[in-house]
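Just so it is clear, none of the values below were taken in a lab; they were calculated from the coordinates. Since the model is a prediction, treat every value here as computed from it, not as a measurement. Here the Cβ positions follow ideal geometry from the backbone for every residue, glycine too, while neighbour counts run over all protein chains shown.
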């Protein structure tokens, strides 16, 4: 596919990003400089707690909380950046994938804001946002490999050129973060499962529960977590201590993520790998990736889970790549593949 030539602004452009794809109301602001560098000015997130009692996200409740909180979160982001709303030169908002009702809150808010300010609007892909969250730590220029691993996604992309995404692997069943949530709930460790398992694993024995490696001998670069989930259920019924189960599962999940991604990077000739999404905050995963021969880039602090700054960073990438502004009549999409090649 043809990729537009890079277009850099003649003066700094402040881009406001909004993400309401699930249960976090995120607003972030970045500054795109004429030399192509991007500065992170603000990142404010309201994380909804109402879902904890249900053990998972309730879509209708999520939408209502976004409506109630988005004004407050935007005000906080502007104050953190030391700006007023008239200083914003472009707006980006997540259009998908995600919960449609939740997406519509941020998407319509962003469109209205862009129209009121008479500035360009960019509809952002949620997964591209996760990938460009790492741009807060390093300049991201293709080619590279990107692993997005979260509660709703486990996708592996090759990025041969800026703006071109080739899906080379994905989960065949549960997303990794979803498996963390389910096993944490099974073990009584709480919700969300990622932080709960990570903390419990520090007190457990990773050798206590033997997990078989999923998809042994595969020639592709896919992932599977349903077998690990079943093995965890059997171990729990057999009396495994929650801490031991957490430590054993975490090591098995980390091993499959790192091994498959490393194999894919070598197969595609990529030295740089971006690892992003909520599960990328896991300390054991980061340590395992850093022990490989790859140049692994993680998002900065506070940018792993859903947030508006990553959408602003994706908006900056779109502007720098010369992509046109998005029409204001586009809608939210629950299922929106990122791969375009």
>> Helix-only estimate, please: 222 nm mean residue ellipticity of the chain, summing -39500 (n - 2.57) across DSSP H runs of length 4 or more and dividing by its residues, to the nearest 500.
In response: -12000 deg cm²/dmol
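Ranked by Cβ crowding within 10 angstrom, fewest neighbours first, how are 157, 180 ordered?
Least to most surrounded, the residues fall as 157, 180.
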> By count of other Cβ within 10 Å, fewest leading, how are 165, 335, 191 ordered?
Replying inline: 335, 191, 165
>> For the chain, what does the relative contact order come out to in percent, with C-alpha contacts under 8 Å and a separation of six or more?
In response: 26 percent
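So how do 280-290, 228-238 stack up, highest first, on mean other-Cβ count within 10 Å?
Numbers: 280-290: 18.6, 228-238: 16.1.
Output ranking for 280-290, 228-238: 280-290, 228-238.
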>> What's the whole-number percent of alpha carbon pairs in the stretch 134-223 lying beyond 18 angstrom?
In response: 60 percent
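Please state the shape class of the stretch 190-311: rounded when a/c is under 1.5, otherwise prolate if a/b exceeds b/c and oblate if not, all from the C-alpha gyration tensor. Walk me through the numbers before you get to the answer.
On the way: a/c = 2.09, a/b = 1.31, b/c = 1.60.
Oblate.
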>> Quick check: Cα centre of the stretch 149-175 to Cα centre of the stretch 235-290, how many Å?
In response: 15 Å
>> Just to check, using Stokes-Einstein with a Kirkwood Rh over alpha carbon pairs, what's the diffusion coefficient of the stretch 52-116 at 37 °C and 0.692 mPa s in µm²/s?
In response: 250 µm²/s
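Exposure proxy check: 45, 279 ranked by fewest other beta carbons within 10 Å? Write down the numbers at each step before the final one.
Values: 45 21, 279 29.
Going from least to most buried by this count: 45, 279.
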> Cα gyration tensor of the stretch 52-170, axes a ≥ b ≥ c as square roots of the eigenvalues: rounded (a/c below 1.5), prolate (a/b > b/c) or oblate?
Replying inline: oblate
>> If packing is taken as the average count of other Cβ atoms within 10 Å, what order do 200-208, 312-320 fall into, highest mean first?
In response: 312-320, 200-208
